[in-house]
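*Asks:* Quick one: the structure is below, questions incoming.
The values are calculated or read from the model by the stated rules, or taken from the named source; none is laboratory data. Keep in mind that this is a model prediction, so the values were computed, not measured. Counting neighbours? That spans all protein chains shown, and the Cβs are built from the backbone with ideal geometry, glycine included. Just so you know, the surface numbers come from the protein's heavy atoms only, side chains and all, with ligands and any DNA or RNA stripped out. Shrake-Rupley method; radii C 1.70, N 1.55, O 1.52, S 1.80 Å.
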Amino acid sequence: MSKESDSKPDLDNVKELLKSDIKVKLSGCDLDGIARGKYMAKSKLLKSVDDGFGFCNVVFGWDMLDKVYDKSIFEAITKDHGYSDIQARIDKSTYRRIPWENNQPFYLVDFYNPVTNEPYELCPRSLLKRIVKECEDRGYKALCGMEFEWYNFQETPTTLAQKKGVGLNPLTPGMFGYSLVRPTLNQSFFDDIFDQCAKFGVPLEALHTETGPGVIEAAIEYTDALRLADRAHLFKTSVKQLALNRGIMASFMAKPWPDLPGCSGHIHVSLADIKTGDNAFVDQAVRDSFIAGVLEGLPSIMVFLAPTVNSYKRLVENYWAPITISYGFENRTTSIRIIGPPTSPPTSTRLEIRVPGADVNPYLALASLLACGIHGVKNKWTPKVPPSDGDVTGSGGERLPRTLKEATEKMLEKGSLARKVLGDALVEHYGATRLHEWKQWETRLDRMIEIAWGHDLGLLNLDCDYIKKTLEDGPYAGIAKFDEEHFPVYFQQLQQREEEAKWGEEAGSLEY
């Protein structure tokens with residue numbers, strides 16, 4: 001089956017749907033937006049349809065590289081000292097089949113607290129469900145779309161490890177945004193992204209090359225907020241699988257290279273009146289109140305829109321990314337772009353949130369944006385500043401947080417809007433996980449610079465060429481200026497080589 005739940009009259013009859021299968025694929029979403037799951041025997045699944053099954057809560061207790069958080073981080077929220085099971089329950093409305101895995105049946109799961117029987121407080125999908133209901137309680141249905149840009153490399157996990165992330169071969173060279181020629185070089189991959197995702201229940205509105213070597217952009221079809229988040233979450237996993245099947249690695253890293261555009265994850269949002277189905281943003285008062293809520297909350301929810309250290313390298317001047325708390329009509333330099341008349345009909349009025357990168361967790365990003373927006377509508381807020389005209393990147397407006405640490409500290413502030421609309425439990429735990437990420441980066445950075453400097457290590461034969469290449473053309477680009485002050489060992493060796501070469505030339509000339 002290729003269509004989603006609203007076209008499956010026998011959806012509740014799981015046994016009938018799986019009558020010809022022996023196993024089912026299941027997954028849930030962790031805090032980093034990674035699909036964590038397993039294959040399960042059909043016989044076990046059928047016993048677990050109503051009551052769920054055990055799933056180790058470590059998926060909320062480690063980072064994207066499976067490095068376990070400091071126990072104080074996890075135990076403060078879970079009161080759990082031994083990584084016990086939480087409960088995973090399939091959402092029967094998410095049934096679909098994976099066409100590139102021999103039509104393997106698939107379900108998404110939600111996580112529950114087995115003691116209270118309530119949604120698990122760290123589950124991103126459950127959080128979005130709660131915020132969607134809050135919108136509905138106010139009389140609105142949240143509608144959303146997402147766009148992802150990502151780099152594709154002619155690499156495998158093995159070659160990536162061997163190269164240490166440096167000197168990767170792009171799928172195609174050069175800058176060819178909106179090219180109709182470049183897809184020809186990898187036509188089956190390009191076609192499968194569109195066609196196979198549609199069969200998987202993740203329909204796209206558009207797919208094209210974007211400016212950058214091997215970069216592709218996809219626009220995921222507009223729909224209700226929860227379904228859109230499901231599609232966005234599954235889309236990234238799907239693309240990675242389709243790529244790996246062809247010896248390609250797809251990367252949704254926000255800013256792989258310092259001198260090339262980053263990868264965005266723009267989110268489109270509107271509200272529909274539940275009773276009439278009409279676009280509520282046609283009413284300027286509702287639209288502006290939603291904008292005011294997002295602008296007010298943006299500093300404290302920034303960490304949900306830019307969740308990694310690398311995210312903030314994308315949010316810099318001159319690379320098509322916003323850096324200020326701002327909004328404007330059809331303005332692609334602001335954090336919020338208003339789309340509506342005269343470029344679009346009134347019924348298509350919506351907001352494009354341009355802050356998120358491709359590394360975003362769709363559930364957390366949508367939940368935080370909708371929560372702030374509907375809070376503004378509830379309180380009838382109005383924006384504190386007028387809409388911006390023209391390029392605002394150098395306007396001197398209020399700056400978005402510049403680093404993951406700064407954004408996390410904003411979220412953790414007492415009385416932050418993030419705390420008010422999302423709850424202290426999630427904010428405290430998520431904040432601790434982001435500070436963990438910052439600490440990991442600082443530790444790695446310190447070690448790298450120590451090696452480069454040669455301080456107290458007695459390393460005379462440093463791989464300086466590798467360090468230079470990494471800092472100029474790798475994931476650590478920009479962490480330190482490559483000059484004699486920061487890397488004296490390298491420059492001492494460089495001077496020595498130059499002197500040896502000069503002496504060789506002079507000695508050679510004496511012979512003649």
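*Asks:* How many of the residues making up region 381-424 are at pLDDT 95 or above, of a type in the set (Ser, Thr, Tyr) and open to solvent by 40 Å² or more (accessible area, probe 1.4 Å)?
*Replies:* 1
*Asks:* Identify, by number, the condition in (1) open to solvent by 30 Å² or more (accessible area, probe 1.4 Å); (2) touching a residue at least 40 places away in the same chain (Cβ under 8 Å) that Ala206 doesn't meet.
*Replies:* Answer for Ala206: the failing condition is (2).
*Asks:* Mind listing whichever residues of region 255-296 are modelled with pLDDT under 95 and basic (Lys, Arg)?
*Replies:* Lys255 - this is the single residue of region 255-296 that is modelled with pLDDT under 95 and basic (Lys, Arg).
*Asks:* Go through region 211-252 and report how many residues are charged (D, E, K, R) and open to solvent by less than 30 Å² (accessible area, probe 1.4 Å).
*Replies:* Counting residues in region 211-252 that are charged (D, E, K, R) and open to solvent by less than 30 Å² (accessible area, probe 1.4 Å) gives 4.
*Asks:* Could you check region 9-42 and list, in sequence order, the residues that are assigned to a strand (DSSP E or B), of a type in the set (D, E, K, R) and closer than 18 Å to Val58 by Cα?
*Replies:* Arg36, Lys38
*Asks:* Please determine whether any residue of region 61-68 is part of a strand (DSSP E or B), among the hydrophobic types (A, V, I, L, M, F, W, C) and at pLDDT below 95.
*Replies:* yes
*Asks:* Would you please name the residue that is least open to solvent (accessible area, probe 1.4 Å), looking only at residues in region 180-200 that are more than 13 Å from Trp100 (Cα to Cα) and part of a loop (DSSP other than H, G, I, E, B)?
*Replies:* Out of the qualifying residues, it is Val181.
A quick yes/no check of all residues on (1) within 15 Å of Glu317 (Cβ to Cβ); (2) assigned to a helix (DSSP H, G or I):
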{"site": "Cys372", "(1), (2)": "no, yes"}
{"site": "His375", "(1), (2)": "no, yes"}
{"site": "Thr382", "(1), (2)": "no, no"}
{"site": "Val385", "(1), (2)": "no, no"}
{"site": "Val392", "(1), (2)": "yes, no"}
{"site": "Lys414", "(1), (2)": "no, no"}
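*Asks:* Can I ask one more? Can you tell me which condition Ala88 does not meet? The list is (1) crowded, with 19+ Cβ neighbours inside 10 Å; (2) farther than 27 Å from Pro203 by Cα; (3) out of contact with any Asp or Glu (no Cβ under 6 Å at 6 or more places or on another chain), and all the others hold.
*Replies:* Condition (2) is where Ala88 drops out.
*Asks:* So, one more: Please pick out the residue among Tyr363, Tyr312 that is closer than 19 Å to Glu149 by Cβ, part of a helix (DSSP H, G or I) and of a type outside the set (A, V, I, L, M).
*Replies:* Unique residue meeting the criteria: Tyr312.
*Asks:* I'd like the residue in region 131-171 that is in contact (Cβ under 8 Å) with a residue 24 or more places away in the chain and of a type in the set (Lys, Arg) and, out of all such residues, is surrounded by the fewest Cβ atoms within 10 Å (Cβ to Cβ).
*Replies:* Lys164
*Asks:* Quickly run through region 307-338 and pick out the residues that are in contact (Cβ under 8 Å) with a residue 40 or more places away in the chain and closer than 18 Å to Gly293 by Cβ.
*Replies:* Correct list: Pro322, Thr324, Ile325, Ser326, Tyr327, Gly328, Thr334, Ser335, Ile336, Ile338.
*Asks:* Further question: If Ile98 satisfies all but one of (1) surrounded by fewer than 17 Cβ atoms within 10 Å (Cβ to Cβ); (2) out of contact with any Lys or Arg (no Cβ under 6 Å at 6 or more places or on another chain), what's the number of the condition it fails?
*Replies:* Of (1) surrounded by fewer than 17 Cβ atoms within 10 Å (Cβ to Cβ); (2) out of contact with any Lys or Arg (no Cβ under 6 Å at 6 or more places or on another chain), only one is false for Ile98: (1).
*Asks:* All but one of (1) more than 15 Å from Asn152 (Cβ to Cβ); (2) in a strand (DSSP E or B) hold for Ala250; state the number of the condition that does not hold.
*Replies:* It is condition (1) that Ala250 fails.
*Asks:* Is it the case that region 336-351 has a residue that's within 20 Å of the chain's Cα centre (by Cα), open to solvent by less than 10 Å² (accessible area, probe 1.4 Å) and either small (Gly, Ala, Ser) or modelled with pLDDT under 95 (or both)?
*Replies:* So far as region 336-351 goes, no, none of its residues is within 20 Å of the chain's Cα centre (by Cα), open to solvent by less than 10 Å² (accessible area, probe 1.4 Å) and either small (Gly, Ala, Ser) or modelled with pLDDT under 95 (or both).
*Asks:* So, in region 296-309, exactly how many residues are in contact with a Pro (Cβ under 7 Å, 6 or more places away or on another chain) and surrounded by fewer than 24 Cβ atoms within 10 Å (Cβ to Cβ)?
*Replies:* Within region 296-309, residues that are in contact with a Pro (Cβ under 7 Å, 6 or more places away or on another chain) and surrounded by fewer than 24 Cβ atoms within 10 Å (Cβ to Cβ) number 1.
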